[in-house]
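Laboratory data are not the source of any read-out in this text; all were calculated from the coordinates shown. Predicted model, so just to flag it, every value in this text is computed and none were measured. Glycine also receives a Cβ, built like all others from the backbone with ideal geometry; neighbour counts cover every protein chain displayed.
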Amino acid sequence: MRQSRSIGRVRSAILAGAAGLALPAGPASAQNSFGPFLESPIPLDIDRGRQVSVLDRARPEYEADGVIVGGFTVYPEAQVGVGVTSNVFAAPDDAKSAAFLTFDPRLRAASNWLRHGVSVSAAGAFRRYIDRSIRNEDGLAARIDGRLDVSSDLKINGAAGISRGYQSQYSSEIPANAVAPIEFVKAFGQVRATYGVGRVRATIAGDVNGLDFKDAKLGTTLLDQDFRDRTVTRGAARIEYSAFSDVWIFGEVSASDIDYRLATIGQARPNRDGSDYRYLAGTSFDFTALARARVGIGYIERTFKSPIYRNLSGFGYDARIEFFPSGLTTISAAAQRSIGEAVTVNSSGYFSNELLLRADHELLRNLLLFGQVRYARNRFEGIDRRDNIWIAEGGANFLIDRNLRLSGGLAYSDRTSKGINRGQEFDEIRGIVALALAI
């Protein structure tokens with residue numbers, strides 16, 4: 001029990017330490033520049049228990065104990081921070097700097113049962129920009145998770161939640177002249193069943209996601225985003241086989257039904273109702289103390305009910321690799337190709353190629369350093385536009401004691417867009433220092 005809580009707390013600490021950077025953590029940034037808007041309904045798992053990364057290492061002496069209430073343990077936490085940005089409105093020129101304050105409260109209650117499990121959580125991510133109130137954010141999230149241990153071979157997980165987030169201006173799904181991230185509300189429900197026996201493990205999952213976008217802020221005017229509101233219903237299945245003790249092979253298929261609330265964009269143009277498909281096959285491996293990875297390649301497709309939109313299809317991949325050069329350092333790399341939803345007239349969508357390289361280092365038992373570089377190239381179909389996004393980040397998390405954590409970070413980001421229909425271009429330097437209190 002202690003180790004699992006520690007792993008979750010340390011990961012939260014690292015993410016919280018990056019809060020307010022180019023891509024802030026927490027419910028205020030459910031969508032950022034990287035990865036599809038909705039993650040796979042079957043989570044990625046490459047941990048076979050043979051290595052322990054810097055973020056996963058248990059540090060019980062720096063773990064808040066929580067408060068026991070009946071059969072649950074409650075973990076309250078709050079973080080406050082102060083930061084600065086060199087380009088508060090993501091302007092291509094004449095950039096304006098600004099300071100901002102952050103407040104991130106969290107509350108999680110997890111069951112202490114020997115069998116089955118339930119957890120309930122709520123969080124906020126509030127941003128207040130000095131003399132730049134148009135950029136203020138009030139992120140909120142609440143969810144409940146449950147696990148039913150039917151037998152030692154069969155587990156059923158379920159979750160439901162609702163959140164208010166902000167879609168980053170680095171995203172290729174935001175209007176080019178927006179001066180602030182776009183607020184949206186997401187509600188979801190999901191269920192997943194995993195059955196494993198011998199060398200075989202099978203997982204099936206399904207979820208329903210409702211997305212409601214608020215108007216985009218264009219300085220003194222607003223741009224209606226109701227045409228983006230949609231319900232996405234998804235199903236997925238994965239089969240895994242342990243060919244050797246260290247090597248698994250897998251096949252995965254997922255399908256989505258995308259139903260937009262408005263039948264038309266404006267008065268006449270049909271909306272982008274349709275389906276999304278992904279087929280992957282690959283391997284996951286765990287080589288002694290050196291590395292663990294999951295690599296899948298296959299085919300991705302986005303189809304449309306209206307003939308005015310051209311269907312998208314092509315090569316897809318999803319790879320995650322972790323290297324362990326020493327017990328104190330973890331090097332992570334990730335690459336993915338996916339299809340994104342377009343908001344630009346005459347485009348049916350875009351292909352996104354994404355790369356990430358990250359290093360985590362334990363300088364001291366309670367001083368964790370990180371640095372990472374992220375890159376995304378988004379190529380639109382039907383129009384002449386290519387977006388390129390670079391973000392370099394670095395920071396540290398200092399675990400003072402069981403209850404206090406000090407974190408800080410600095411990020412540089414650059415967004416360029418090429419073509420006749422190019423989008424927004426800007427760069428930004430952003431930094432933050434934050435202090436967290438956990439009970």
- Note on the structure: note: region 303-353, Cα-Cα separations exceeding 12 Å make up a percent value of 72
- Residues with amide H under 5 Å from that of Ile182, placed H, sequence gap 5 or more: Gln167
- Query: What nm distance separates the two modelled labels at Asn388 and Asp138, each placed 7 Å from Cα along Cα→Cβ?
  - Reply: 4.1
- Got a sec to turn the phi values of region 407-424 into Karplus ³J(HN,Hα) couplings, 6.51 cos²θ - 1.76 cosθ + 1.60 with θ = phi - 60°, whole Hz, x for Gly and Pro? 9, x, x, 9, 9, 10, 10, 9, 10, 10, 9, 10, x, 4, 9, 4, x, 6
- Task: Express in whole angstrom the spacing between the alpha-carbon centres of region 161-206 and region 365-439.
- Result: 19
- Query: Distance in nm between label sites at Asp215 and Val82, each 7 Å beyond Cα in the beta-carbon direction?
  - Reply: 3.5
- Task: Would you calculate the separation in nanometres between label points at Thr329 and Leu363, each defined as 7 Å from the Cα along the Cα-to-beta-carbon direction?
- Result: 1.5
- The FRET efficiency for Lys96 and Tyr279, from their Cβ-Cβ distance with R0 = 56 Å and rounded to 0.05, is 0.75
- Item | In order through region 244-250: 3J(HN,Hα) via Karplus (6.51 cos²θ - 1.76 cosθ + 1.60), integer Hz, x for Gly, Pro | 9, 4, 9, 10, 10, 10, 8
- Message: Sort 384-392, 66-74 by the packing proxy (mean of other Cβ within 10 Å over each peptide's residues), most packed first.
- Response: 384-392, 66-74
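Summing -39500 (n - 2.57) over the DSSP H runs of n ≥ 4 in the chain and dividing by its residue number, what mean residue ellipticity at 222 nm do you reach, to the nearest 500 deg cm²/dmol? Display every interim value, and only then the final one.
On the way: 1 runs with 16 residues, N = 439.
Rounded to the nearest 500, the figure is -1000 deg cm²/dmol.
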- Residue separation times 0.36 nm, minus the C-alpha to C-alpha distance between Val247 and Arg379: what's the value? 44.1 nm
- Message: Starting from 0.36 nm per residue, how many nanometres of slack lie between Asp149 and Tyr317 once their C-alpha separation is accounted for?
- Response: 57.2 nm
- Item | Angstrom value of the Kirkwood radius, inverse mean 1/r, which spans all Cα pairs in the chain | 23.0
- Diffing region 255-270: the Karplus 3J(HN,Hα) column from phi (6.51, -1.76, 1.60, θ = phi - 60°), in whole Hz with x for Gly and Pro, holds 9, 10, 9, 10, 10, 7, 5, 9, 6, 10, 9, x, 9, 9, 7, x
- For region 109-201, state the average projected area of the convex hull of the C-alpha atoms over all orientations, rounded to one decimal in nm². 9.2
